[in-house]
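Note sheet for the following structure.
FYI, it's all coordinate maths here, none of it is from the lab. All figures in this text were calculated on a predicted structure; none of them were measured in a lab. Note that each Cβ is placed from the backbone with ideal geometry, even for glycine, and that neighbours are counted across all protein chains shown.
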Amino acid sequence: MKTHVEIYSDYVCPYCVLFEAVLDQARRDIDITVDWKPVELRPYPNATLRPEDDYLPDVWKRSVYPLAEALNIALKLPSISPQPYSRLAHEGYRFAEIAGRAAEYNVAVFKAFFQEDRDIGDVDVLLSIAASIGLDQNEFRTALESGQFTSAHNASLAEAAELGVHSVPSVYINGQPLPLSYDADTLRSLLVGN
C-alpha cells in the first residue's frame, strides 16, 4: 500500500517551512503521496502578528533560528507588518495542485516569505510566484479573485478543526497522527514503517 502523508500547515509558520525541507530529504526514493492541507493560524478578521512586537523576535531567537541552523536552512524573520493573512496563498495552492505544480508552489511560497521577505498576502506577489513556476498568471488571478477555491479551502479548514488540529505542522500518515520530527532519518523510518 502506498504511503499517504497529509500535512496541515500554514505559509506564515516557520516550523512548517522547516518541516517541508526535512520531509523533502526523508522521502527520497520512497513512494509516497503528500497532500498539504491548509490551516490559517490567524484567519481574518483576527489580528496577525507584528515582527516589531516582542513575541516573534523572542520565539525566533529561542527556537526558530537554532532549529534552522541545525538543519542548515537559511531563514529570516520576515519584516512584513503585520504579517499577511494566508487564505489567498492557500487557495493558490489548490490552483497549483490541479495544474500538477503543488510541490513547486509550496516551496516558492515558503521561499518568498521566509527568504525573500515578500508579502504572500498580496495578489501581485502570488501572481509572480505562480509565474515563476510556470502557472498561467491570468488564470491564477481569475481563480483567486473569483473565489474559485474558497469553498474547497473552507471545507479543508473544517476538516482540520474536526480532527482537532490546533498547531502546525500536524502530520498524518495513512490517516494516523505522526509524532513530529525534524530529523530526516527518524522521519524516513516513520514513512517506511507505514
Net charge within 15 Å of R87 by Cβ-Cβ distance, Lys/Arg positive one each and Asp/Glu negative one each, not counting R87 itself?
-3
For the chain, what does the equivalent ellipsoid look like in terms of its semi-axes, each the square root of 5 times an eigenvalue of the Cα gyration tensor, given largest first in whole Å?
24, 22, 16
Using the Karplus curve 6.51 cos²θ - 1.76 cosθ + 1.60 with θ = phi - 60°, what ³J(HN,Hα) values do you get for each residue of region 76-81, in whole Hz, with x for Gly and Pro?
9, 4, x, 8, 4, 9
Helix-only CD estimate at 222 nm, as mean residue ellipticity for the chain, using -39500 (n - 2.57) per DSSP H run (n ≥ 4)
-14000 deg cm²/dmol
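Hey, fewest Cβ within 10 Å first, where do K37, K76, K61 land in order?
Numbers: K37 20, K76 14, K61 11.
Fewest-to-most Cβ neighbours within 10 Å comes out as K61, K76, K37.
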Net charge near L163 (other residues with Cβ under 12 Å of its Cβ; Lys, Arg +1; Asp, Glu -1) is -2
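Which value, in debye to the nearest 20, describes the size of the charge dipole of region 3-187 about its Cα centre when Lys and Arg Cβ atoms bear +1, Asp and Glu Cβ atoms bear -1, and nothing else is charged?
Working: 14 positive and 28 negative charges, 27 e Å.
Charge dipole, region 3-187, about its Cα centre: 140 debye, nearest 20.
If I take R0 = 22 Å and measure r between the Cβ atoms of D53 and I73 in this structure, what FRET efficiency does the formula 1/(1 + (r/R0)^6) give, to the nearest 0.05?
Working from the Cβ atoms, E equals 0.35.
Sort H4, H153 so the one with the fewest other Cβ atoms within 10 Å of its own Cβ comes first. Don't skip to the end; give the middle numbers.
Working: H4 14, H153 19.
Taking fewest neighbouring Cβ atoms as first place, the list is H4, H153.
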